[in-house]
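Everything on this sheet refers to the single structure shown next.
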Amino acid sequence: MNLETTRRDLLKGLTLGAGATLLTPILTQLAAHAAAAPSAVRKRVIFVVQSNGIKPEHLMPTGIARPRHGRPTNAKTEEASLKDHTLHRALEPLAAFKDRLTLLHGLSGRIALSDHSGNHGALGAYPANKGPMGQTIDLALSEALPGVVPHIGLGLAERPDMTMNYQISASARGKTVPIQCSPELAFKGLFGSVARGSGREAFDRRTNLLDFMAEDVKRARGALAGEERAKLDQYLEAFEALRDRQGRIEAIRDKLVANVPDLSDKFKKPTETNRLQAQFDLTAASLIAGLTNVVTLVSGGGGQHYISFPELGIPVGGHHYGHGGGVEGKTAEDCFITVRQYHARLIAGLAKKLQAVKEGDGTMLDNTLIVYLSDSGDGHHPTGYEWPMLLLGDLGGTLKTRGRFLQLPAYGQKDHRTTANLYATLLHAAGKPRDTFGVADPGLRDLDQSGVVNELLA
Amino acid sequence: MTRLVIVAWLACSGLVMAQGLPFVQAHCVKCHGPDKAAGGVRLDDLPADPARASARWLAVRDQVRDGLMPPAKEPRLEAAKRRELVHWITLATGATPARLPNQGNQLPHELLFGKPTVPATVASTPPRERIWRLSPSGYLGLVRDLARGNPQGIVQPFGLIEERGIRDFAGLYTIDEPTTEILLRNAETIVEMQLKSVRELRLAAEAENPTPAQLTTAIQAQYRLAINRTPSDDEVKRFLSLYEKCRKGGSSAGAVRTMLQAVLLKTDTLFRSERGGKADASGRAMLTPEELAIALSLTLRDQRDPSLLQAASKGQLSSRDQVATHVQRLLDDPKIAKPRLLGFFREYFGYDQAVNVFKDKPKEFTHAPQQLVADTDALVLHVLAEDKDVFRTLLTTDRSFVNYALAVNKQKGRILEPKQAVQPPRAGKNQKPPAALEATYGLDAWTPKQPVTLAKDTRLGILMQPAWLVAWSTNFDNDPVRRGRWVRERLLGGNVPDLPIGVVAQVPDEPHEPFRHRLRVTRAASCWKCHNKMDELGLPFEQFDHFGRFRTTETVLDPEATRKNVDKKGKPLGMVYREVALDTAGAIRDSGDDKLDGPVADPRVMVRRIADSERARQVFIRHAFRYFLGRNETLSDALALQAADAAYVKSGGSFKALVVALLTSDAFLYRSRQGEAK
């Protein structure tokens, strides 16, 4: 389903008026449900993408060793229950959620191999350095799990003035979706209508402005033809989509008011930790308020964008310890662990907030999946043969992720699976099944690379 | 594109001997036919008219042009025959311009600069009308013009594609949803600032109940600032109605602001309009004076130029001569900043990317990429100021700016004086201080008298500026492949196929070997097909290390000595290096210019030979065309390109003359109005 076409078709018949704002969200939900799974249970997925790679060792349970040299070569899936093991100290903050998570090993991502970040290929399962070749998994899931806002991308860049990261997510071939790295701008965009002050009036003026601009661009467009006209088609659709969203935000106003986060302290002191924490807070608030069902959180990410965390005692960027350099008495490994623990703490905090909200017979966390990975596979200079991931939550019981260590068959083995297979699995679980994703790895030419990771699908 | 005209002309002209189908049948079908479809490709079923299957015919063309076919085991095609086929297919498929900036060379050079190869009507058909979204710097210039200053909190909404080289092509950019969100927020910020400095706007916003006249005045003022024209009555009516709607639900102050923000979001504000005024009988329409004022402003500067706006309002941009006069005036006026001129050289050479190449901090010398870029900027500006034989000088000058900056000397009455930009670093205790930045250029000491003449037989031109060498290097090594590709594309007008999917292009990690040796992996048959176009053009730059320092030997790891370098307890004491002989030889092959082809002993020989080449000069001009016109050249631009080349040569190599020629060409000034069949 092409979301844009559907939206425009819906909008064609609507006029301004109080009725329109109430009608639109219902119509949209109906259309979305018609295309998606029949289940009415809300599901949500959060991707936490951290730069600088994830060393497989950090995702190993204690007591299970990796081979001394090279990588695992198992032909069959090996697994263990996490009941009898503890997590690596890099993941210590997630200990309380051990029984809800899976340490997933053995997926390869060679198609997205690059000297550093896999860029869009990390979430897209395609080559790293040809720009956005297609839709990334987060945007694909946003079509399967539509919300008021289809997708929210929040991130942390090296400096506060770097507001957008264009190297991780894409909605279609050639169409990169920016990750908003300014928590202040993100806050304004998501909660501006209910923020303290003249939010309401401003919200209505915005609605009028969007209507006006849609009309204005339509006129300008009428005078052009062909490719030139198509340029304005996109600009027109932008206004129409934003206008449509106004109505849907209106419908959940009460929930927004109840969940608007207070980030004033973090805005005042925009350290790296405050900025990233603010983004996690916004993620939790947006999910709980029902603004969206898919969030991509990016720490660094793309190209050679690495973060320094002076607040954690690591004043150098990830490139430094990625190359084995230590700082202030800490080894490179110390730096990696400290930073990973910090991210684990943030993920645990997010999970905790979702767990505190009742939903159906359980909590929001029961219907959530958090995918923790790096855009750079298994290291600063990735090999691509392994792309370690942590999955927290079982997406309403559609995935089998409770308390497992999974070592899938190694690269080149008959039953080997890639990141593309995982992404197909997620789409199955979300109700929009697909068996292929991204671009096949030519190094696995003899393997049927379609299909899911059966070990994970319930 | 009048493809029909070309095809008919081809059929009538004598150019039938290179006709595609007999060629394909003779050379290709035996491996790509019904019995044996090598690589899954069949060519026996190609239609005789290339326009009927242009994608397939163009694929044939590209394979032949790039020497990928026939395969190595088959007899080679003569260069001339290859060229003929390439030309024939290009013409017969209608020569649609390639969309992406780095595809412009797909249009064969000889078709643009050779003797007339296309009918005159085609060669002078202006391009279709278009709109061109502001570039990121153009947007910032607009904001500065609107707000009469630099407002805080403006977020850059526009980006450019992640590509090397010239990136702002009109056909590539529009505005999508996330960008629109940023534009909306920016509009709020800009209007807030405008209310402080623009009287008509402030009056309307501050009045408790502004009259329609006050509102209309404000709308007109905003139109003048943003779009440089007066709104029609209908337009004013619609804005007033927007005001009314907002007023109903809130304050007048808010409603006025929203009304003013709307003007800043109009397509006329954010896209450059190039549609032309009244068309003549043959459908040619010159850009209107208003359009020209904006187009010329944004071509040379990143903001509206007041003198051009004024000229337009007085009707003084209505003829080619008038445009020439104004362009010349702007170019000659040192008080008018023209950042886009330097911008061309930065994008063309790519040396400004030096700051994006991460390198470990060297212990024994200074690496300051921002200053290296600044030095090369200074050199380019210096050559542009002299404006003589610009292309040759940029490639072969033995002068350079070294660690150079201008600073105000307050004691001497606030005049600008040269100063050593990056101070030599201080020494640690008991340590030898690292060499200063000037050492990278081979200088023992910094001098205020600049530009400096560099040591003989070391460094010439932009391609041996440390900034360029660093920009085209990797974290730890030189990058002869990408440097070679640069030369192939930007000086020889050639094409290099993209890296095939699934190929991991990595040189083996052998720090004990010279880089040339490590690069031997590209000699494998499947790699050499493409690498033969690049490697030998980039290897001469092995004359320099990856920080851009001149060398006569190459430093490699000495594994034996390193192994032996231990203390009494056997603890390793560090790596030991040795010097090996340096080989700077390379070759120019298959450039399309016989005078260019041949081996080169070192980079200086190479750049001197290229600087003398007419073809290279013309390739340079093709790139200037792309930058200033925001698109790839087509066959219809052949005459404009030839005229620009002639103007450049006639003026003794003046870049200004080249710019005037490009900006007064039909390609820049005229648009076609009748719908073109293609």
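The values are calculated or read from the model by the stated rules, or taken from the named source; none is laboratory data. In this text, all values refer to a predicted model and were calculated from it rather than measured experimentally. Every residue, glycine among them, receives a Cβ derived from its backbone with ideal geometry; neighbour counts consider all protein chains shown. These area figures cover heavy atoms from the full protein model, side chains too; ligands, DNA and RNA do not enter into them. Shrake-Rupley method; radii C 1.70, N 1.55, O 1.52, S 1.80 Å.
Worth a mention:
- For A:Phe47, the residues 5 or more places off, or on other chains, whose built amide H falls under 5 Å of its own are A:Val295, A:Thr296, A:Leu297, A:Val371.
- In segment B:431-494, the trypsin sites (Lys or Arg not before Pro) that fall in loop regions by DSSP, at most 11 other Cβ within 10 Å: B:Lys449, B:Lys456
- The C-alpha radius of gyration of segment B:219-316, expressed as a fraction of 2.2 N^0.38 Å, stands at 1.29.
- 19 Å cut-off, amide nitrogen to a point 7 angstrom out along B:Ala55 Cα→Cβ, residues in segment A:223-258: A:227
- Relative to the longest principal axis of the Cα atoms of chain A, the long axis of helix A:3-12 lies at roughly 10 degrees.
- Placing a pseudo-label 7 Å from each Cα along the Cα-to-Cβ vector at B:Arg320 and B:Ala455 gives an inter-label distance of 5.2 nm.
- Annotation note: trypsin sites (Lys or Arg not before Pro) in segment A:381-419 located in DSSP loop regions with a Cβ neighbour count of at most 12 within 10 Å are A:Lys414.
- Anisotropy class of segment B:58-157 from Cα gyration tensor, a/c 1.5 cut: prolate
- Computed over the protein assembly as shown, the per-residue total of -39500 (n - 2.57) for DSSP H runs of n ≥ 4 gives a 222 nm mean residue ellipticity of -12500 deg cm²/dmol, rounded to 500.
- Volume per residue for segment A:117-182 equals 79 cubic angstrom (convex hull of Cα atoms).
- Computed from the C-beta positions of B:Ala48 and B:Asn430 and an R0 of 60 Å, the FRET efficiency is 0.15 to the nearest 0.05.
- Rounded to 0.05, the FRET efficiency of the B:Asp62 and B:Asp444 pair, given R0 = 45 Å and the Cβ-Cβ distance, is 0.30.
- Kirkwood Rh and Cα Rg combined as Rg over Rh, evaluated for chain B: 1.02
- Among residues other than B:Val503 with Cβ under 14 Å from its Cβ, the summed charge is +1 (Lys and Arg +1, Asp and Glu -1).
- Under 14 Å, Cβ to Cβ, from B:Ser251 - net charge with Lys/Arg +1 and Asp/Glu -1: +1
- Taking the square roots of five times each eigenvalue of the Cα gyration tensor of the protein assembly as shown, the equivalent ellipsoid has semi-axes of 45, 42, 33 Å, listed largest first.
- Each residue of segment B:49-55 is assigned a 3J(HN,Hα), and the resulting list reads 8, x, 5, 7, 8, 5, 4 Hz, derived from the Karplus form 6.51 cos²θ - 1.76 cosθ + 1.60 (θ = phi - 60°), x at Gly and Pro.
- Gained length - B:Ile501 relative to B:Ala213, 0.36 nm times residue gap less alpha-carbon distance: 97.4 nm
- Estimated distance in nm for a label pair at B:Gln411 and B:Lys564, the labels positioned 7 Å out from Cα along Cα-to-Cβ: 5.5 nm
- Translational diffusion coefficient (Stokes-Einstein; Kirkwood radius from C-alpha pairs) of segment B:241-292 at 37 °C, 0.692 mPa s, in µm²/s: 241 µm²/s
- Between amide H atoms placed 1.01 Å from N, distances below 5 Å from B:Phe365 occur with B:Ala435, all of them 5 or more places distant or on a separate chain.
- Hits among aspartates and glutamates - C-alpha to C-alpha of B:Lys36 under 14 Å, sequence gap 8 or more where chains match: B:Asp44, B:Asp45
- Prolate/oblate/rounded label for segment A:218-352 (Cα gyration tensor, a/c 1.5): oblate
- Normalising the average separation of contacting C-alpha pairs (under 8 angstrom, six or more residues apart) by the number of residues puts the relative contact order of segment A:69-204 at 15 percent.
- Distance from the C-alpha centroid of segment B:542-607 to that of segment B:186-207: 62 Å, rounded to the whole angstrom.
- Stretchable slack from B:Lys571 to B:Glu192, in nm (0.36 nm times residue separation minus alpha-carbon distance): 129.7 nm
- Partner lysines for B:Lys564 [C-alpha distance under 26 Å; skip if fewer than 8 residues away on the same chain]: B:Lys363, B:Lys432
- With kT/(6 pi eta Rh) evaluated at 25 °C and eta = 0.890 mPa s, and Rh the Kirkwood radius from Cα pairs, segment A:358-428 diffuses with a coefficient of 177 µm²/s according to Stokes-Einstein.
- Based on C-alpha pairs under 8 angstrom that are at least 6 apart in sequence, segment B:80-212 has a relative contact order of 23 percent.
- Accessible area per residue in Å² at 1.4 Å probe, computed on segment B:135-290: 41 Å²
- Karplus-derived 3J(HN,Hα), 6.51/-1.76/1.60, for each residue of segment A:418-432, Hz, glycine and proline x: 10, 4, 4, 5, 5, 5, 4, 4, 4, 5, 4, 5, 7, x, 10
- Each of B:Ala38 and B:Arg329 was given a label point 7 Å from its Cα along the Cα-to-Cβ line. The distance between the two points is 6.3 nm.
- Stokes-Einstein D for segment B:629-678, Kirkwood Rh over Cα pairs, 4 °C, 1.567 mPa s (µm²/s): 110 µm²/s
- For trypsin sites (Lys or Arg not before Pro), the sites in segment A:52-115 that DSSP calls loop and that have at most 12 other Cβ atoms within 10 Å are A:Arg68, A:Lys76.
- Gyration tensor verdict on chain A (Cα atoms; rounded if a/c is under 1.5, prolate if a/b is larger than b/c, oblate otherwise): prolate
- Members of B:Lys338/B:Lys410; A:Lys98/B:Lys359; A:Lys231/B:Lys115; A:Lys255/A:Lys400; A:Lys43/A:Lys268 lying beyond 29 Å, as alpha-carbon distances in this model show: A:Lys98/B:Lys359; A:Lys231/B:Lys115; A:Lys255/A:Lys400; A:Lys43/A:Lys268
- A Förster radius of 45 Å combined with the Cβ-Cβ distance from A:Met162 to B:Ala26 puts the calculated FRET efficiency at roughly 0.20.
- In plain terms, the chain from A:Thr62 to A:Lys268 could stretch by 70.1 nm, reckoned as 0.36 nm per residue minus the Cα-Cα distance.
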